[in-house]
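Here the structure comes first, spelled out in structure tokens, and everything after it is commentary.
The values are calculated or read from the model by the stated rules, or taken from the named source; none is laboratory data. Predicted model only: the values in this text are computed from it and were never measured. So basically every Cβ, Gly included, is an ideal-geometry build from the backbone, and we count neighbours across all protein chains shown. Accessible surface is based on the protein model in full, side chains and every heavy atom, while ligands, DNA and RNA are left aside. Shrake-Rupley method; radii C 1.70, N 1.55, O 1.52, S 1.80 Å.
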Amino acid sequence: MARKTLRWLLALALFIGALGTASTGAATAAEPDIKQRLLSIPGMSLIEEKPYPGYRFFVLAYTQPVDHRNPSAGTFQQRLTVLHRDVSRPTVFYTSGYEVSTTPSRREPTQIVDGNQVSMEYRFFTPSRPEPADWTKLDIRQAAADQHRIFAALKPIYDKKWLSTGVSKGGMTATYYERFHPRDMDGVVAYVAPNDVVDNEDSAYDRHFAHVGTKACRDRLNEVQREALVRREPLKERYAAYAAENGYTFDTLGSLDKAYEAVVLDYVWGFWQYSRLSDCDTIPADAAHATDEAIWNSIDKVGGFSFYTDQGLEPYTPYYYQAATQLGAPAIGFPHIERKLIRYGYLPPREFVPREIPTRFQPRAMRDVDTWVRHNARHMIFVYGENDPWGAERFRVDKGARDAYVLTAPGANHGALVAGLLPTERELATARILKWAGVASPTAEPRPLAAYDAKLDARGVEREFALRP
């Protein structure tokens, strides 16, 4: 009898176990995958999914109000991407401040925390542009509201810690987002973010160019720049032929002559933004005796003669509009060039915006952000490159800021990274990023949690800024 009872109990236990297993399997099978969860968000739609080992990568569109202050005034579709690692990992919100790349990539903080990454296209960069385009709705507060709505939509799915990050204009974007929505993110890592607080006071840039690198390198660059203006007429003939061959026009700036000078005057700036001191060896050593070909090639390699054409400027109209209305832009002098050689000077951003789009500058916008950062920054890191001209006017943290840092990578340009900081500062920044993300380094020395991936992590200097941030 006891043996029968034992067999019966064992059979019952196995039966109950089988039921439990079947029930668990059914629940697992019924649980929606990440694509289903993303597409269940109201207003979210799939453009495409691209495979990548260890991740899922989605290109999405999200319905946004044209005017967050008046949501009934229409909507537009804003592109974003999600590099999905795991919902149990922290998430990094990346903004370029421009278009969004639809190729899987991973920014430095994402590698450091081994997390997910959400990347947002900035409003008014195509195709994320309302139709018709009301340019008065392109400002830093509306863009911050775009980011806030995306965060609020995704937070129930990615419910661990969030960090925001961006490079140059993207670093500015991450900073403005923190200013207007300081409770969203757990930390901010802003790379090479300019901070033009007073638009008509730009002496910091002139001081930068007087001391950057070495005198020998500065002299070599200055001589090539000047020589390009001395040879304006013969090189303009080459420019005209180049433009005709490629179908380039100059309606926005008004003339080929004006575009030629704009490219030349950006030359020294562009070198220090994109290159390193060791690249000085590639600059013609004796500009006065160099061939026209050598002068043309050096200028073209740094800035590109195609940029100030209508076709080169058009994709950047939203940036130039913002520079002309809120962000400001640098104006620099050229003490090494005789005044008679310069016809137009360093052009203000209004010159790069089509005439039919009106602009009005708002001087309080950057002053407000600067004051807020200096006195209210929390869990923020600003990383700059020592040689990068955009770092001449940078964000600062003063009394009132907490757990906030401004760090400079020695010898670095516009591609400065945490990895390029001095060892003590690199460890500090890495440790803070990990802590803000709620994860820990497995070693005593803080280091990225994810191994370097040549495809996901490899990138050069952000060239999308075309000598503007």
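First measure r as the distance between the Cβ atoms of GLU356 and ILE34, then evaluate 1/(1 + (r/R0)^6) with R0 = 56 Å and state the FRET efficiency to the nearest 0.05. Provide the component values of the computation, followed by the final result.
On the way: r = 44 Å, r/R0 = 0.78.
It comes out at approximately 0.80.
If you sort the three axes of the alpha carbon gyration tensor as a ≥ b ≥ c, you get a/c of 1.5 or more for the stretch 285-352 and a/b no higher than b/c, which makes it oblate.
Rounded to whole numbers, the Karplus 3J(HN,Hα) couplings from phi for the stretch 102-108 are 9, 9, x, 8, 9, 7, 4 Hz, using 6.51 cos²θ - 1.76 cosθ + 1.60 with θ = phi - 60°, and x at Gly and Pro.
Partner lysines whose Cα lies under 22 Å from the Cα of LYS155, excluding those fewer than 8 positions away in the same chain, are identified as LYS35, LYS435. Annotation for the stretch 312-387: GluC sites (Glu not before Pro) lying in DSSP loop with at most 13 further Cβ atoms inside 10 Å of their Cβ are GLU338, GLU356. For the stretch 330-380 versus the stretch 413-430, the spacing of their alpha-carbon centroids is 28 Å. Restriction of the trypsin sites (Lys or Arg not before Pro) in the stretch 308-354 to DSSP coil positions whose beta-carbon has at most 16 other beta-carbons within 10 angstrom yields ARG343.
Show which lysines lie in cross-link reach of LYS455 when reach means a straight Cα distance below 19 angstrom and same-chain residues fewer than eight apart are skipped. List returned: LYS50.
Surface exposure of the chain, expressed per residue as accessible area with a 1.4 Å probe, stands at 44 Å². Listed values for the stretch 429-436 are Karplus-derived 3J(HN,Hα) couplings in whole Hz (6.51 cos²θ - 1.76 cosθ + 1.60, θ = phi - 60°), namely 4, 4, 4, 5, 4, 5, 5, 4, and x replaces Gly and Pro. Here the label points at ASP453 and THR75, each 7 Å from Cα along the C-beta direction, are separated by 3.1 nm in the simple model.
Annotation: amide H of THR408 within the under-5 Å range of TYR384, sequence separation 5 or more or interchain, hydrogens built in the peptide plane. Among the protein heavy atoms of the chain, carbon and sulfur supply 54% of the accessible surface, probe 1.4 Å, non-protein parts ignored. Each Cα pair under 8 Å and six or more residues apart adds its sequence gap; the mean of these over the residue count of the chain is a relative contact order of 16 percent. May I ask you to derive the FRET efficiency for ILE157 and THR102 from their Cβ-Cβ distance with R0 = 22 Å, giving the value to the nearest 0.05? With R0 = 22 Å, the Cβ-Cβ based efficiency is 0.60. Under the combined filter of DSSP loop state and at most 14 neighbouring Cβ atoms within 10 Å, the stretch 69-161 retains these trypsin sites (Lys or Arg not before Pro): ARG69.
Annotation: amide H-H contacts under 5 Å for SER128 (H modelled 1.01 Å from N, sequence separation of 5 or more, or interchain): ARG79. Fully extending the segment from ALA204 to ASN246, taken as 0.36 nm per residue of separation minus the present Cα-Cα distance, adds 11.3 nm. Near TYR52, the amide H atoms lying under 5 Å from its own belong to PHE57; only residues 5 or more places off or on other chains count, and H is placed 1.01 Å from N.
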